[in-house]
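The structure under discussion appears below in the form of structure tokens.
The values are calculated or read from the model by the stated rules, or taken from the named source; none is laboratory data. From a predicted model like this one, the values you see are computed outputs, not experimental measurements. Every residue, glycine among them, receives a Cβ derived from its backbone with ideal geometry; neighbour counts consider all protein chains shown. For the accessible areas, the whole protein counts, side chains as well, though only heavy atoms, and no ligand, DNA or RNA atoms are used. Shrake-Rupley method; radii C 1.70, N 1.55, O 1.52, S 1.80 Å.
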Amino acid sequence: MAEKRTIIEPFRIKMTESIKMTTEAEREKILKDAHYNLFLVPAEDCCIDLLTDSGTGAMSDKQWAALMLGDESYAYSKSWFKFESVVREITGMKHIFPTHQGRAAESILVQVAVKQGDVIPNNCHFDTTRANIEFAGAKAIDCVADEGLNPGNMLPFKGDVDIDKLKKCIGKNSNKIPFGMITVTNNTGGGQPVSMKNIKAVKTLLQKNDIPLIIDACRFAENVYFIHEREDEYKNKSIIEIAQEMFSYADGVIMSCKKDGIANIGGFFACNNNKLAENFKNILILREGFPTYGGLAGRDLEAISVGLKEALEYDYQRYRHATMEYLGSRLEKIGIPFVKPVGGHAVFLDAKAFLPHIEPLTYPGIGLINALYINGSIRSVEIGTVMFGRFNEYGNEQPAPVELVRLAFPRRVYTQSHFDYLIEVIEEVWRMKEKITGYKIIKQPKFLRHFSCHFEPLK
Ligand SMILES: *Cc1c(COP(=O)(O)O)cnc(C)c1O
């Protein structure tokens, strides 16, 4: 029997959360009251919330059942042993430490392993990783291949590290690199995957220079599925086998379980080095808690243990990637500009190409996300001049290299009709794009302005 063309959600729904419907007139007022900044709009007033895929996933019945088994003993609870065994099965790491989320693991790792003046290469550093490294007085260097940053380039592994760039970085900074990193998938670079071939090449190069490799594994399962689909030798391997091979090249793993842990909170650090583990543990106790719970409740450890395994189910990954592909192919047909190929967790609209009449310094990304909200109650996020907020030495604002709008998809939350609705909204906004105006900022804080600044539409 031939395989069916329709890839269905591999689950059915046994609990629902209702969505509030609002009218366009109501949304105009809601947005105005929020100073035209979608971060300041109540979640309840967003019909489809695509702000982030972090911690927003739906737990399965097995995860909810596991919550009830949470052992809240302070030390060496039953839930800890389950968590440890799942993380060890997947990563093969000797030492495993839960943390309350990914950035807590990052900050402790940086505290114990990074000195002022150090340099940490990565394909692209995620913003909290970069912030933690820079806070320690070290440099976070992005070594992704140039092709990876070109939005129109249809390449299978745009998250790959450029080995020459990495070589140069090592050559220039000998003895200043405590570890190298690879982020799978490359979140900052559009959720693009890294090939096993590239991971091996990075490992070989780092090993030659006695530099350990830390994998930022937030979306490891999505990355593994891409390897399964796009690298021939892995076609017949199971998702978990590929994950195990990927981690076999790492000396440490950092993870936010709010992504491919399909949990609402949690993270971990894992490594093989005894000394590093000892140092990490000492700070963990100071900051997060006893090393067997690290800032999490026993029930969280249970939910993560189940979620990590569910993220490795082939049918789940196949469906997850099919939703991104479906959205991408429909947008392509309409002629909407977006970053290609689609990532593992998000689709990025190219706001600069969508709204060429809006100058970068009047924020085309904000024009687009606000239009999507007014038209269809969709919440998305600008990744462009507002988010990067750069100023030159004279205090003049500088445009960002790209103006993107990220539509990030919570795991197992929205069905195909939600996607169809989203496509209809994007298409309607596309048809009236000339009417969309730019914005000016009328109030902004010094750092991370996108979260709280106030806008006003230009006439
Ligand atoms: C989310 C994320 C982090 C940080 O994790 P939090 O749980 O949000 O603290 C680090 N790296 C990457 C690639 C991420 O996507």
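Rolling a 1.4 angstrom probe over the protein heavy atoms with all chains in place gives region 61-310 an accessible area of 41 Å² per residue. Tell me the carbon and sulfur percent of the accessible area for region 61-310, rounded to whole percent, probe radius 1.4 Å. With neighbouring chains kept in place, the figure for region 61-310 is 52 percent. Centroid-to-centroid, using Cα positions, region 136-198 and region 26-48 are 36 Å apart. Counting other Cβ atoms within 10 Å, keep those with at most 12, restrict to DSSP loop, and tell me which chymotrypsin sites (Phe, Trp or Tyr not before Pro) in region 59-150 are left. Listed in order of number, the matching sites are 74. For the pair residue 448 and residue 146 in one chain, pulling the backbone fully straight at 0.36 nm per residue adds 106.1 nm over the alpha carbon distance. Residue pairs exceeding 30 angstrom between C-alpha atoms, taken from 333/443; 258/443; 197/309: 333/443; 258/443.
Each part reduced to its alpha carbon centroid, region 296-352 and region 383-459 end up 20 Å apart. Considering only alpha-carbon pairs that sit under 8 angstrom and 6 or more positions apart, the relative contact order computed for region 61-310 is 32 percent. For a paramagnetic label modelled at 7 Å from the Cα of residue 11 toward its Cβ, which residues of region 262-293 fall within the zone defined by backbone nitrogen distances under 14 Å? Inside the label zone: 262-265. Residue separation of residue 286 and residue 434 scaled by 0.36 nm, minus their Cα-Cα distance, works out to 47.8 nm of gained length. Peptides 105-118, 377-390 ranked from most to least packed by the mean count of surrounding Cβ atoms within 10 Å: 377-390, 105-118. For region 135-167, list residues with backbone N below 15 Å from a point placed 7 Å from the Cα of residue 127 toward its Cβ? Counting only backbone N, you get no residues.
Helical content of the chain, expressed as a calculated mean residue ellipticity at 222 nm, amounts to -12000 deg cm²/dmol (DSSP H runs of 4 or more residues, -39,500 (n - 2.57) each, divided by residue number, nearest 500).
Using a cutoff of 8 angstrom between alpha carbon atoms and counting only pairs six or more residues apart, the relative contact order for the chain works out to 22 percent.
Taking the longest Cα principal axis of the chain as reference, the axis of helix 416-431 is set at about 50 degrees.
Would you mind telling me the share, in percent, of accessible area of region 334-459 contributed by carbon and sulfur at probe 1.4 angstrom? Within region 334-459, the accessible surface is 56 percent carbon and sulfur. Annotation: aspartates and glutamates with alpha-carbon distance below 14 angstrom to residue 167 (same-chain offsets under eight excluded): 142, 210.
Note on residue 62 and residue 76: their simple-model spin labels are 2.8 nm apart, each label 7 Å out from Cα toward Cβ. According to the square roots a ≥ b ≥ c of the eigenvalues of the Cα gyration tensor, what is the shape class of region 263-395, taking rounded for a/c under 1.5, prolate for a/b larger than b/c otherwise, and oblate for the remainder? Oblate, because a/c is 1.5 or more while a/b does not exceed b/c.
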